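Please treat every number below as a calculation from the coordinates, not as lab data. The model shown is predicted, which means the values in this text are computed figures rather than measured ones. All Cβ positions, even for glycine, are placed from backbone atoms using ideal geometry, and neighbour counts span all protein chains on display.
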């Protein structure tokens, strides 16, 4: 039953290129990118119990490095992607050392502060980042000589990477290491007494989440062909966190659903209502009240309840 | 010096710990032989659990030394001590509530294996892990519940899982913090029998309030009060001691 659901969902992801218009295909691409980003944040929030409010750092820094290397210094996309991902991973390793000195609210505040530093730099270091104007005129890569300029081609590209990301992150959380991670989330003291090194387990996860955040950042800059400091802002981090929590943290599908919801609200509602944030807040409130664990766990409980009644 | 200290499973030398102005461990020294069954008693607030927390590494002492089979572990993090053969249980149930009994015990086994760093194979790939976990659950009489989550089972059964997680690690030194706390009489005798059946090459140090039960299990007794060792020695000698009556048994 569960597999039928997964197959249906995946099947529906294959459809847009065949009959949807460019607007919807682009929207679908954006949703997939947001989903990768939310999934990577979920490794921290849902599986590691580390609520970060600075995850946009990884998206933004990967995007900026790639933008600068390709746009200003004439690097090829392959080399630029490699360098920006390595840079992002190295940054995650440093940030992890700082942020993991605390847990809970302290951890949240440190991640927030670090991301604010980067956001400030992107704004003020205008000789490098071009400040509030952002960096425009970027190009998309052409892997194996295939141009990604058309919405359909780009959608396929993002879909392949998103699938890869989902499979690899699912493998990660269900592995023996993933079990250690969940154990450290639930009973850190016990886990240490059993021979696990909680700090190292959290740090490795922090870096891994940073890596996928960086991948989302690359796709983000490829899609928009433009980067602005707002991609590093707290709003950007908070929207992703909102998606993770609304969709259901600690589940695989939840963050993707939550990210889609946030993006759809942003795109659709903002066309009609200026204060779309207000509506987002209301929707979030509704979810928290009706399905405190998130949309995906909420619906699966509902389905299980209905099935139980049918029997 | 080296030969005499390697004969001890656990040695605590002049341990001191204070929280601000409150001294909770005052110059505590213990020498425990391999295979010994040691009972630690004392009134509430005597510093028994604090002593355990320092031995297991959750708390750092202000001064003094802790040796496990001769090697200094005073400042090692808890997980390193686990790899040296130290295992413990908790006074308050500290289990993974949403996971099955089998998974709980498996985590105990995984903690000492290099495969805990495995990032692409699920735990179920390691068949011997599940087999070993089930064998341990069988030894505490809970095999029939192996696939139930912890949140499904009764308190007395959780106490036994708590023990199983530690026993699965085949520790050389096992610290039991009130393993009988809150159990009914029947459950008490079950857990008592379980503790009695712990292999004799495992050194067992136990905090327990239920004197009758605990004294049956222990050969040697240490009485703590206000963070100090008051009496220390063979069971009968400690029970007969004037000071024990004064502090604990109520004069």
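Within 10 Å of the Cβ of each residue in A:162-175, the mean number of Cβ atoms contributed by other protein chains is 2. Note on the stretch B:1-71 and the stretch A:12-43: Cα centroid distance 59 Å, given to the nearest whole angstrom. Helix B:127-139 versus the longest principal axis of chain B: what is the Cα-based angle in degrees, 0 to 90, to the nearest 10? Computed tilt is about 50 degrees. Compared with the dominant principal axis of the Cα atoms in chain B, helix B:155-168 is inclined by about 90°. At an R0 of 35 angstrom, the distance between the Cβ atoms of residue B:18 and residue B:196 translates into a FRET efficiency of 0.40.
Across all directions, the shadow cast by the convex hull of the stretch A:102-179 built on its C-alpha atoms averages 9.0 square nanometres. Based on C-alpha pairs under 8 angstrom that are at least 6 apart in sequence, the stretch B:95-170 has a relative contact order of 50 percent. Annotation: for a label point projected 7 angstrom from Cα along Cα→Cβ of residue B:98, residues of the stretch A:152-173 with backbone N closer than 14 Å are A:173. Relative contact order, whole percent, for chain B stands at 27, derived from Cα pairs under 8 Å and 6 or more residues apart. Here chain B carries DSSP beta bridges of which approximately 55% are antiparallel, counting only pairs with both residues inside. Across all directions, the average projected area of the convex hull around the alpha carbons of the protein assembly as shown is 32.6 nm². Per-residue ellipticity at 222 nm, computed for chain B from helices alone with -39500 (n - 2.57) per DSSP H run of at least four residues, works out to -9500 deg cm²/dmol. Ranked by the mean number of other Cβ atoms within 10 Å per residue, highest first, peptides B:155-166, B:186-197 order as B:155-166, B:186-197. If I build a Gaussian network model for chain A, linking alpha-carbon pairs within less than 10 angstrom, which residue out of A:174, A:115, A:237 has the largest mean-square fluctuation? Fluctuation is largest for A:174. Give me the base-10 log of I(q)/I(0) for chain B at each q in 0.08, 0.14 Å⁻¹, Debye formula, one uniform scatterer per Cα, rounded to two decimals. Log10 I(q)/I(0), no solvent term: -0.32, -0.96. Cα centroid separation, the stretch B:179-227 to the stretch A:172-248: 43 Å.
Shielding value for A:198-211 is 1, the average number of Cβ atoms from other chains within 10 Å of each residue's Cβ. Applying the Kirkwood pairwise sum to the alpha-carbon positions of the stretch B:95-170 produces a hydrodynamic radius of 12.2 angstrom. Against the main long axis of the alpha-carbon atoms of chain B, helix B:101-110 sits at an angle near 70°. Secondary structure note: in the protein assembly as shown, about 60% of the DSSP beta bridges are antiparallel.
Under a Gaussian network description of chain A, with springs only between Cα atoms under 10 Å, the residue in A:159, A:194, A:27 that fluctuates furthest is A:194. Our summary gives the stretch A:22-234 a relative contact order of 43 percent, counting only alpha carbon pairs under 8 angstrom and 6 or more residues apart. Taking 25 °C and 0.890 mPa s as conditions, the stretch A:22-234 diffuses translationally at an estimated 139 µm²/s according to Stokes-Einstein applied to its Kirkwood radius (Cα pairs).
What FRET efficiency would be calculated for the residue pair residue B:212, residue B:139, taking the C-beta separation as r and a Förster radius of 25 Å, to the nearest 0.05? Computed FRET efficiency for residue B:212 and residue B:139: 0.50. Helical content of chain A, expressed as a calculated mean residue ellipticity at 222 nm, amounts to -23500 deg cm²/dmol (DSSP H runs of 4 or more residues, -39,500 (n - 2.57) each, divided by residue number, nearest 500).
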